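Student: My questions all concern the structure below.
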Amino acid sequence: MYVQAETPAGAVLGRRDSFGELYRAIPYAAAPAGPARFRAPAPHPGWSGVRDATRPSPTAPQPVRDFGALDMSPYFGPGWVRGEEYLTVDVRTPAADDGRRPVLVFVHGGGFVTGSTRAALYDGRAFARDGVVLVTVNYRLGVPGFLDIDGVPPNRGLLDVLAALGWVRDTIAVFGGDPDEVTVFGQSAGATLTGALLATPEASGLFRRAIVQSGSGTGAFTPEQAGRVTVAAASALGVEPTAEAFGKVPDERFLAILPALAGLDLRTETASDPLAGLSPFSLVLPVQPADSLVARDVDLLIGTNTEEGNLYGVANSDELGHTLFGAGTARMAQAHARIPGGRTYAYSFGYRSTALGGRLGAAHTVELPFVFDVAGEPWLHGDAGLLGPDPAPEGLAARMHGAWVAFAKTGSPGWAEYDAVEFFG
């Protein structure tokens with residue numbers, strides 16, 4: 001059945017089912033169209049009448065990523081679904097009433113170039129079932145989101161996430177959520193963005209807790225590294241490396257040059273490539289988030305999977321996983337544990353998927369079906385499914401999802417606080 005909620009920007013029409021209510025494609029900022037693609041997010045002007053929030057949002061411009069025999073579409077979603085107004089959130093809530101329920105805000109992964117709220121893995125039914133409001137966020141990707149250009153704000157994708165958190169603060173009570181009990185969580189690139197929020201003064205007061213799943217507190221490019229990507233992008237496009245020139249380029253051309261940016265040598269005298277060549281885009285910061293934390297009284301749950309690098313099918317998968325996720329996660333956990341106020345919890349996820357003849361194992365992304373309690377869905381199984389042909393272990397999804405819910409509600413996932421010696425030696 002249809003339901004309606006009144007937000008400060010206007011009324012929205014959603015749907016009610018047996019799990020609660022779902023509202024999709026609600027704008028949290030104005031459309032990043034034309035030159036606005038390279039500006040900070042601007043407030044949405046609102047609308048008259050009732051906005052249809054029953055259909056999914058357009059997505060940020062993005063390429064199609066191929067993982068061979070492994071079906072990663074539940075993770076990446078459908079790719080680029082065109083439409084200018086894609087700075088939106090989806091809200092899954094038990095009810096849009098005057099309840100004061102804890103809120104989880106999810107920031108998707110995808111190497112800073114892909115992903116969206118349309119990905120099947122991010123279904124929020126289980127969170128609503130368990131009394132939590134789930135908000136999933138679209139943000140700018142690739143060149144519009146993260147290319148470092150003189151004269152325009154850097155890290156525009158991160159600014160989008162900040163704007164979405166501001167929307168949550170101002171609006172989530174309409175959907176039965178408590179703006180004082182917000183947990184922001186992300187996976188992969190989304191986890192790196194989440195960790196960066198802990199080092200962003202403007203994020204103060206927007207959330208009480210954070211969960212960093214397979215991200216890195218040391219995943220940012222230096223300005224020198226980012227400058228190399230900008231020069232390469234301008235060269236591939238045949239334009240000057242200026243905001244004016246990039247602003248005239250259509251999104252299709254930004255996607256077309258991505259292969260030319262792959263494999264750039266970003267090593268400098270002072271920094272290695274934190275993404276090991278897997279993406280030409282990341283945050284651009286003079287100091288890594290793990291070395292510049294400013295958040296106080298924010299609880300953190302942080303961890304990795306035991307075989308992260310297996311997703312990428314390389315011979316040195318253990319080394320790659322440590323470089324991309326393990327080392328930066330350890331540094332972030334250690335740094336946060338030294339800050340007074342907030343508690344620090346760590347986890348290590350070790351369930352081995354039987355996909356790819358058992359070779360996938362406890363790879364990057366394998367924890368997500370258990371966090372969202374969708375591990376039994378048939379589209380995650382079979383020869384090409386992320387979890388492989390075998391059924392998921394009984395009770396694992398309930399345990400992991402339950403820990404995330406408990407953390408959102410109480411600040412504790414149900415185990416002892418972080419011990420650096422126990423987790424990282």
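The values are calculated or read from the model by the stated rules, or taken from the named source; none is laboratory data. In this text the structure is predicted, and so the values were computed from the model without any measurement. All Cβ positions, even for glycine, are placed from backbone atoms using ideal geometry, and neighbour counts span all protein chains on display.
Student: For the range 237-261, enumerate the residues that are among the small types (Gly, Ala, Ser) and either surrounded by 11 or more Cβ atoms within 10 Å (Cβ to Cβ) or not in a loop (DSSP other than H, G, I, E, B) (or both). Talk me through it step by step, then tell me what you get.
Tutor: Just the residues of the range 237-261 that are among the small types (Gly, Ala, Ser), to begin with: 238, 243, 245, 247, 256, 260.
Ala243, Ala245, Gly247, Ala256, Ala260 - these are the residues of the range 237-261 that are among the small types (Gly, Ala, Ser) and either surrounded by 11 or more Cβ atoms within 10 Å (Cβ to Cβ) or not in a loop (DSSP other than H, G, I, E, B) (or both).
Quick grid of which residues meet (1) assigned to a loop (DSSP other than H, G, I, E, B); (2) touching a Lys or Arg at 6+ places or on another chain (Cβ under 9 Å):
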residue	(1), (2)
Pro58	yes, yes
Gln62	yes, no
Arg65	yes, no
Gly79	yes, yes
Tyr86	yes, yes
Val91	no, yes
Asp98	yes, no
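Student: Take the range 73-88 and flag every residue that is surrounded by fewer than 24 Cβ atoms within 10 Å (Cβ to Cβ) and in contact with a helix residue (DSSP H, G or I) (Cβ under 6 Å, 6 or more places away or on another chain).
Tutor: Pro74
Student: Out of curiosity, is Val135 among the β-branched types (Val, Ile, Thr) and in a loop (DSSP other than H, G, I, E, B)?
Tutor: So Val135 does not fit the description; no.
Student: Within the set of pairs 6 or more residues apart or between chains, which connect a residue that is over 18 Å from Gly215 (Cβ atoms) and among the β-branched types (Val, Ile, Thr) inside the range 265-279 to a residue that is at pLDDT 95 or above and in a loop (DSSP other than H, G, I, E, B) with Cβ atoms less than 8 Å apart?
Tutor: Thr268/Thr222; Thr270/Thr222
Student: Whether any residue in the range 269-286 is within 22 Å of the chain's Cα centre (by Cα) and assigned to a helix (DSSP H, G or I) is what I want to check.
Tutor: No: the range 269-286 contains no residue that is within 22 Å of the chain's Cα centre (by Cα) and assigned to a helix (DSSP H, G or I).
Student: Give just the number: which of (1) within 23 Å of Gly115 (Cα to Cα); (2) in contact with a Pro (Cβ under 8 Å, 6 or more places away or on another chain); (3) not charged (D, E, K, R); (4) not in a helix (DSSP H, G or I) does Val229 not satisfy?
Tutor: For Val229, the failing item is (4).
For (1) out of contact with any Lys or Arg (no Cβ under 8 Å at 6 or more places or on another chain); (2) farther than 22 Å from Glu319 by Cα; (3) surrounded by fewer than 19 Cβ atoms within 10 Å (Cβ to Cβ); (4) at pLDDT below 95, each residue gets a yes or a no:
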| site | (1), (2), (3), (4) |
| --- | --- |
| Phe349 | yes, no, no, no |
| Val371 | yes, yes, no, no |
| Asp383 | yes, yes, yes, yes |
| Pro391 | yes, yes, yes, no |
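Student: Would the range 111-133 turn up any residue that is free of Cβ contacts under 8 Å to residues at least 60 places away in the same chain, within 19 Å of Phe207 (Cβ to Cβ) and surrounded by 24 or more Cβ atoms within 10 Å (Cβ to Cβ)?
Tutor: yes
Student: Okay, next question. Which numbered condition trips up Thr270, out of (1) among the hydroxyl-bearing types (Ser, Thr, Tyr); (2) at pLDDT below 95; (3) surrounded by 17 or more Cβ atoms within 10 Å (Cβ to Cβ)?
Tutor: Status for Thr270: all satisfied but (3).
Student: Something else: Of all residues in the range 177-226, which are surrounded by fewer than 24 Cβ atoms within 10 Å (Cβ to Cβ), out of contact with any Ser or Thr (no Cβ under 7 Å at 6 or more places or on another chain), aliphatic (A, V, I, L, M) and in a loop (DSSP other than H, G, I, E, B)?
Tutor: Leu206
Student: State whether one or more residues within the range 235-248 are closer than 17 Å to Pro144 by Cα, under 23 Å from the mean Cα position of the chain (by Cα) and of a type in the set (Ser, Thr, Tyr).
Tutor: Checked the range 235-248: no residue is closer than 17 Å to Pro144 by Cα, under 23 Å from the mean Cα position of the chain (by Cα) and of a type in the set (Ser, Thr, Tyr).
Student: Pro413: outside any helix (DSSP H, G or I) and either hydroxyl-bearing (Ser, Thr, Tyr) or surrounded by 16 or more Cβ atoms within 10 Å (Cβ to Cβ) (or both), yes or no?
Tutor: It is true that Pro413 is outside any helix (DSSP H, G or I) and either hydroxyl-bearing (Ser, Thr, Tyr) or surrounded by 16 or more Cβ atoms within 10 Å (Cβ to Cβ) (or both).
Student: With Val105, Val91 as the choices, which residue is surrounded by 24 or more Cβ atoms within 10 Å (Cβ to Cβ) and touching a Phe, Trp or Tyr at 6+ places or on another chain (Cβ under 6 Å)? Break it down into steps so the answer makes sense when it comes.
Tutor: Numbers: Val105 fails: touching a Phe, Trp or Tyr at 6+ places or on another chain (Cβ under 6 Å).
Of the residues listed, the single one that is surrounded by 24 or more Cβ atoms within 10 Å (Cβ to Cβ) and touching a Phe, Trp or Tyr at 6+ places or on another chain (Cβ under 6 Å) is Val91.
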